[in-house]
Ligand code: 10D
Ligand code: SF4
């Protein structure tokens, strides 16, 4: 039995930054840290942060006034920011800069009275945050999930129309939806390709390559994670037996019968420790040393907000003065 690991896999720059923000905040502020929504959609990460005393909430009303709140990497609506300001919360924004870019685009369209179509999954927090950048007094933002939704859509002014997308969608499905949009609304403007981020794109390309070699594919990621689900969906579309697993505990021995090559990937929110545990488990069942696939090298790094660095500096200064 052989193990093949995709490259790239695991944490993206946005997830690393979000976790770094929380880690820094825990060191700097000696108060309870509240996080609005799961920081990233991964059970292991969330449990680890809970153990460090972090409290996760869905509503700002659940947070006591004057507390510290961190917005999750998926971003929040303008309304949520306003609620947090009203409660005089110290806000640390862990929204991925690539999600923030989409927010800016939607906000700009809203100010200009350009109606916007968002391609994304209904109910996902990123989608809610992006919709929440549009001021409905100026026009409307429409959500489409499929070509069928595009066919059924009618807008007020098809000459002043823009589109944006969720960052973690399927590359192929989104391309088809954009084509349908452009056919229906030839004057629609939007990003050159789509807003699907580099990490989502690279992990999907890697799984497609993996499917050419592997007999089965295991995607490490949590069930509520959009980018994890897209990887599992893609594996299945290639015809390979594919399962989304939280950790090695979810692996069923019957999946491995007569399997020579086990392909493994990890989503943008899944830590490498989970990959290591899967390898160790498969090796107890007789698997060989894993083979690393060659893939796109990712160099993107996102800095943490200056606010956290400033607080750190002030504290350092105070320490120096006290010495
Ligand atoms: O569900 P998802 O794929 O959007 O989020 P997850 O937390 O699993 O991965 C990180 C991606 C983010 C924050 C969306 F850009
Ligand atoms: Fe940012 Fe992409 Fe990671 Fe989402 S998946 S946090 S958009 S880098």
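The values are calculated or read from the model by the stated rules, or taken from the named source; none is laboratory data. All values reported here derive from a predicted model rather than from experimental measurement. Positions of Cβ are backbone-derived with ideal geometry, glycine not excepted, and every protein chain shown enters the neighbour counts.
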Just to be sure before I move on: is residue 282 surrounded by 15 or more Cβ atoms within 10 Å (Cβ to Cβ) and over 27 Å from the mean Cα position of the chain (by Cα) in the structure I sent? yes
Step by step: first the residues of the stretch 36-52, then only those that are away from ligand 1 (no atom under 12 Å from the Cβ) and surrounded by 20 or more Cβ atoms within 10 Å (Cβ to Cβ), then the one that is farthest from the chain's Cα centre (by Cα). Which residue is that? 49
Check off (1) under 14 Å from residue 218 (Cβ atoms); (2) assigned by TED's automatic domain parsing to the domain that holds residue 28 for residue 249 and give me the number that stays unchecked. (2)
Among the residues of the stretch 94-104 satisfying the criterion of being closer than 14 Å to residue 196 by Cα and buried (at least 18 other Cβ atoms within 10 Å of the Cβ), which is farthest from ligand 1 (Cβ to nearest atom)? 103
Please go through the stretch 212-232 and give me each residue that is within 16 Å of ligand 2 (Cβ to nearest atom) and in contact (Cβ under 8 Å) with a residue 40 or more places away in the chain, ordered by number. 219, 220, 221, 222, 224, 225, 226, 227, 228, 230
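Residue-wise test of (1) in contact with a helix residue (DSSP H, G or I) (Cβ under 6 Å, 6 or more places away or on another chain); (2) at pLDDT below 95; (3) in the same structural domain as residue 143 (by TED's automatic domain parsing).
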residue	(1), (2), (3)
28	yes, yes, no
45	no, no, no
53	no, no, no
57	no, no, no
67	no, no, no
78	no, no, no
84	yes, no, no
108	no, no, yes
Across the stretch 76-85, the tally of residues that are in contact (Cβ under 8 Å) with a residue 24 or more places away in the chain and either closer than 16 Å to residue 20 by Cα or in contact with a strand residue (DSSP E or B) (Cβ under 8 Å, 6 or more places away or on another chain) (or both) stands at 3
Which of the residues spanning the stretch 28-60 are without any contact (Cβ under 8 Å) to a residue 24 or more places away in the chain and away from ligand 2 (no atom under 16 Å from the Cβ)? 30, 47, 48, 50, 51, 55, 56, 57, 58, 59
Quick test for you: out of 196, 205, pick the one residue that is under 18 Å from residue 292 (Cβ atoms) and either outside the structural domain of residue 163 (by TED's automatic domain parsing) or within 16 Å of ligand 1 (Cβ to nearest atom) (or both). 205
Looking for something away from ligand 1 (no atom under 13 Å from the Cβ), in contact (Cβ under 8 Å) with a residue 24 or more places away in the chain and in the same structural domain as residue 88 (by TED's automatic domain parsing) - is there at least one such residue anywhere in the stretch 11-21? yes
Within the set of pairs 6+ apart or on separate chains, which have a first residue in the stretch 123-145 that is touching a residue at least 12 places away in the same chain (Cβ under 8 Å) and on the phi > 0 side of the Ramachandran plot, a second that is away from ligand 1 (no atom under 15 Å from the Cβ) and outside any loop (DSSP other than H, G, I, E, B), and C-beta atoms under 6 Å apart? 139/115
Quick check on this structure: which one of 234, 244 is touching a helix residue (DSSP H, G or I) at 6+ places or on another chain (Cβ under 6 Å), under 30 Å from residue 153 (Cβ atoms) and outside any loop (DSSP other than H, G, I, E, B)? 234
What's the number of the only condition in (1) within 24 Å of the chain's Cα centre (by Cα); (2) farther than 20 Å from residue 222 by Cα; (3) surrounded by 11 or more Cβ atoms within 10 Å (Cβ to Cβ) that residue 261 fails to meet? (1)
Pairs returned, first residue in the stretch 191-211 that is at negative phi, second residue that is more than 12 Å from ligand 2 (Cβ to nearest atom) and in a loop (DSSP other than H, G, I, E, B), beta-carbon separation under 6 angstrom, 6 or more apart or interchain, are 202/296; 206/6; 206/295; 210/6; 211/238; 211/240
